[in-house]
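See below for the structure under consideration.
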């Protein structure tokens with residue numbers, strides 16, 4: 001399984017996307033220029049539009065990668081076709097917003113807004129059509145012999161079956177799979193050293209007498225020392241040998257293989273955020289964190305005065321919380337309770353409506369009148385934008401627990417702290433007022449971690465505004 005071949009495929013896809021975007025931009029200009037007969041104003045010359053083609057190419061290529069538009073080959077045909085059309089929607093929406101923002105910042109009024117909207121529509125269908133054609137082309141290549149590589153798969157039954165199924169759903173491998181039943185064993189079948197050597201001799205004889213480009217070793221319990229004679233024999237014949245490591249029994253695990261000096265290192269992690277994805281998540285945090293901090297400073301005098309008049313005590317409530325992987329930080333909120341709230345909490349524990357390691361109580365007597373308004377409108381959360389700018393929190397993430405809650409966590413609860421805590425998250429937009437079991441909160445948080453993407457963050461941010469508008 002040659003990684004360079006798959007990288008080459010990705011670069012070809014990116015080049016074709018560049019070409020399609022450029023062509024759709026030019027075609028949109030020509031088409032829009034002819035619409036002056038429908039009452040639209042005449043466009044400026046193409047020399048005015050040409051510099052923005054470079055901007056569009058850069059923005060769209062970043063967004064295509066960000067919203068995973070190069071992973072659609074890794075699924076069955078129907079799923080892939082659906083993902084093509086779905087994954088392109090945020091590319092066009094966000095790209096259009098970014099270019100419109102650039103034009104607004106530059107105060108450029110020469111670029112027609114109808115041109116931009118028309119371009120996003122034309123580009124959407126041209127990119128979708130090109131990707132669909134590319135997908136069908138690779139499924140067709142799989143059925144041919146010119147570019148495919150004959151792969152002999154040997155090993156334990158379950159690992160072999162799983163690899164064969166995965167290879168069928170990964171057309172860019174261009175594998176023509178062969179499974180010889182004589183070379184497949186049960187995982188619990190123990191072979192003597194003599195029997196193993198006989199098996200390897202039979203495999204090498206088969207390889208030498210048949211058209212085989214690559215050999216795939218798929219074993220449930222991998223013992224490389226036992227496989228050394230087979231690997232060496234294949235290498236002497238100039239064949240590539242692929243060793244498949246079966247990690248299917250590990251739940252919620254993503255793996256990555258790296259080479260450092262003479263060592264091959266396999267890394268396991270519950271989630272896999274690429275550097276590009278991390279960069280844009282941080283970028284969103286800093287942009288929205290800056291906007292939120294600005295709004296916080298605007299409302300500070302009025303809110304501070306209301307808090308002081310309503311109940312004596314400080315304006316802010318600062319509490320130690322646990323962040324990513326148990327890091328300590330000071331969470332900042334507008335004070336919504338009386339100053340003795342923490343002391344009174346123990347008296348109210350028997351009225352806790354949440355099962356598990358959280359406290360929630362309807363009509364909590366510790367909440368002040370102004371505090372009730374701040375909580376209902378979520379204005380009490382605005383100081384947390386400072387936590388975002390400091391790097392303690394993210395805009396979207398999981399709820400940061402108190403130190404006491406964290407100490408009571410079971411092992412699987414700690415997984416929700418494997419990412420940066422957030423101001424909003426799945427719990428907040430999934431009807432938090434109706435959830436009364438902490439385990440449900442954990443399920444929502446772990447689902448978010450397992451399915452994270454920039455698009456999911458943007459959807460949660462959008463739903464957060466809807467929740468605030470509805471007052472839920």
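The values are calculated or read from the model by the stated rules, or taken from the named source; none is laboratory data. Bear in mind the structure is a predicted one, so any value in this text is a computation, not a measurement. Here Cβ is always computed from backbone atoms with ideal geometry, including for glycine, and neighbour counts include all displayed protein chains.
Restricted to segment 40-53, and to residues there that are in contact with a helix residue (DSSP H, G or I) (Cβ under 8 Å, 6 or more places away or on another chain) and surrounded by fewer than 14 Cβ atoms within 10 Å (Cβ to Cβ), the residue that is modelled with the lowest pLDDT is 42. The helices (runs of 4 or more DSSP H) found entirely in segment 361-432 that carry 2 or more residues being farther than 21 Å from residue 318 by Cβ are 369-377, 426-429.
The single condition from (1) modelled with pLDDT of 90 or more; (2) surrounded by fewer than 18 Cβ atoms within 10 Å (Cβ to Cβ) that residue 56 fails is (2).
Would you call residue 233 assigned by TED's automatic domain parsing to the domain that holds residue 163 and at pLDDT 90 or above? For residue 233, the condition - assigned by TED's automatic domain parsing to the domain that holds residue 163 and at pLDDT 90 or above - is met. Within segment 409-431, being more than 19 Å from residue 322 (Cβ to Cβ) and in contact with a helix residue (DSSP H, G or I) (Cβ under 8 Å, 6 or more places away or on another chain) holds for 429, 430. Looking at (1) touching a residue at least 24 places away in the same chain (Cβ under 8 Å); (2) closer than 19 Å to residue 321 by Cα; (3) surrounded by fewer than 18 Cβ atoms within 10 Å (Cβ to Cβ), which is the one condition that is false for residue 436? Tallying (1) touching a residue at least 24 places away in the same chain (Cβ under 8 Å); (2) closer than 19 Å to residue 321 by Cα; (3) surrounded by fewer than 18 Cβ atoms within 10 Å (Cβ to Cβ), residue 436 fails exactly one: (2).
Selection within segment 323-360: residues that are surrounded by fewer than 16 Cβ atoms within 10 Å (Cβ to Cβ) and assigned to a strand (DSSP E or B). The member of this set that is modelled with the lowest pLDDT is 355.
Here's the yes/no breakdown for (1) touching a strand residue (DSSP E or B) at 6+ places or on another chain (Cβ under 8 Å); (2) in contact (Cβ under 8 Å) with a residue 12 or more places away in the chain:
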{"position": "375", "(1), (2)": "yes, yes"}
{"position": "379", "(1), (2)": "yes, yes"}
{"position": "389", "(1), (2)": "no, yes"}
{"position": "414", "(1), (2)": "no, yes"}
{"position": "417", "(1), (2)": "yes, yes"}
{"position": "445", "(1), (2)": "yes, yes"}
{"position": "450", "(1), (2)": "no, yes"}
{"position": "459", "(1), (2)": "no, no"}
{"position": "462", "(1), (2)": "no, no"}
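Scanning segment 88-107 for residues that are surrounded by 12 or more Cβ atoms within 10 Å (Cβ to Cβ) and either more than 14 Å from residue 120 (Cα to Cα) or in contact with a strand residue (DSSP E or B) (Cβ under 7 Å, 6 or more places away or on another chain) (or both) yields 102, 103. The sole residue among 191, 199 that is more than 20 Å from residue 149 (Cα to Cα) and not in a helix (DSSP H, G or I) is 191.
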